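Worksheet: one structure, shown below.
The values are calculated or read from the model by the stated rules, or taken from the named source; none is laboratory data. Remember, it's a predicted structure, so these values are computed and weren't measured experimentally. Cβ sites come from the backbone with ideal geometry, for glycine too, and all protein chains shown count toward neighbours. The area values use the complete protein model at the heavy-atom level, side chains included, leaving out ligands, DNA and RNA. Shrake-Rupley method; radii C 1.70, N 1.55, O 1.52, S 1.80 Å.
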Amino acid sequence: MIINVENLTKTYTSYERGNTFKEAFLSLFARKMKTVEAVKGISFSIKKGELVGFLGPNGAGKSTTLKILTGILFPTSGKVDIMGYTPWKDRKKYVAHIGAVFGQKSQLLWDIPPIDAFYLNKAIYSIPDKIFNEKLASMTELLSVQELIKKPTRLLSLGERMKCEFIMAMLHNPEIVFLDEPTIGLDVIAKDKIREFILEMNSQGVTFILTTHDLGDIERLTERVIVINHGETVFDNSIDALRSHLGTKKAVSITTSGPLPILDIPGVEVKNRLSEYSAELELDVSLMELNRFIDYINRNSTLSDMSLQELPIEEVIKDLYSGTDKNTGITYSD
């Protein structure tokens, strides 16, 4: 395993202050202390070359966890071993082996071209000329930015800047790259280009940990997903296991030639009634078999069109975030 995390916790201490003048004045002499558990004993391992989605709602603890993994924060307790390093203890040696791309924070310098920033990184990481030139040529061709890197960063579009951010993060051949919302705000074409680049780098053995709210990134890129909520792991398994979390439920769209029959029956939930003749449903085939459902529709109307598909991954994630089934039906990795 290239990453091992055991019983990781992070606790913050804050102080409550009242809203009234009297409460604010009294807090000058006696403040009420409040303990916040951002991370509560998270454990997981990641193999070299994996591309793992690290998900959670806002406030779940994922940003705190990533800051600990990158060596920015000290944990309250627990053990982290990444490539033989403890991130917050061996930071100077450790950072030479990792990269990071943050969709809302830039490593580029606003008034100079990206190529100048790349040469700055070359000096910082002591990258040999031959390796630097080969890596730069390969990545600029892969991302189609050979000419763009010569323009001042401020003149580049968001998609163009993000491509250059990836080059900046990958020039020193990191073994692990942390991605935080790497495609935020990008158009469809730019997203596809970035995703292709990530997959290509991953095929070359680079390990990626991806945090995002764009579930298109998760479906396209990852094979394994770790979901945390309220500082605890609620799911850790493959993307297929994530889909199967809701079991036998299917998304169904039906259209009938006559008015729709009554759909308030076991195993059927109307998600969107489009008209008198069509609706979008959620069908639990463990309660209502598909053949029985079709027979029911045809007995009470006439089915003219029907589509059946897996539930969108958004529904699965939403279910995990809600915590309604936290202790049942969730498959953990070994």
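Listing for the model above:
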read-out: Filtered residues of the range 200-224 (kept if among the acidic types (Asp, Glu) and open to solvent by 20 Å² or more (accessible area, probe 1.4 Å)); value: 200, 214, 219, 223
read-out: Criterion (touching a strand residue (DSSP E or B) at 6+ places or on another chain (Cβ under 6 Å), open to solvent by less than 30 Å² (accessible area, probe 1.4 Å), in a loop (DSSP other than H, G, I, E, B) and farther than 19 Å from residue 3 by Cα) met by exactly one of 182, 174; value: 182
read-out: Residue that is open to solvent by less than 40 Å² (accessible area, probe 1.4 Å) and either more than 20 Å from the chain's Cα centre (by Cα) or closer than 30 Å to residue 310 by Cβ (or both), where the choices are 123, 137, 190, 169; value: 190
read-out: The range 6-23 residues that are not assigned by TED's automatic domain parsing to the domain that holds residue 63, paired with ones that are hydroxyl-bearing (Ser, Thr, Tyr) and assigned to a loop (DSSP other than H, G, I, E, B) (beta carbon under 6 Å, 6 or more apart); value: 9/76; 10/76; 11/76; 17/27
read-out: Residue among 39, 80 that is touching a residue at least 40 places away in the same chain (Cβ under 8 Å), more than 25 Å from residue 202 (Cβ to Cβ) and open to solvent by less than 20 Å² (accessible area, probe 1.4 Å); value: 39
read-out: Unmet requirement for residue 215, which otherwise passes all of (1) at pLDDT below 85; (2) closer than 20 Å to residue 286 by Cβ; (3) touching a helix residue (DSSP H, G or I) at 6+ places or on another chain (Cβ under 7 Å); value: (2)
read-out: Checklist (1) closer than 19 Å to residue 116 by Cα; (2) under 19 Å from the mean Cα position of the chain (by Cα) applied to residue 164, failing item; value: (2)
read-out: Residue that is nearest to residue 166 (Cα to Cα) [pool: residues in the range 107-136 that are outside any loop (DSSP other than H, G, I, E, B) and of a type in the set (Phe, Trp, Tyr)]; value: 118
read-out: Members of the range 290-334 found to be modelled with pLDDT of 70 or more, open to solvent by 50 Å² or more (accessible area, probe 1.4 Å) and not in a helix (DSSP H, G or I), listed by number; value: 302, 304, 305, 306, 307, 308, 309, 310
read-out: Every residue from the range 262-289 that is among the polar types (S, T, N, Q), in contact (Cβ under 8 Å) with a residue 24 or more places away in the chain, open to solvent by 60 Å² or more (accessible area, probe 1.4 Å) and part of a strand (DSSP E or B); value: none
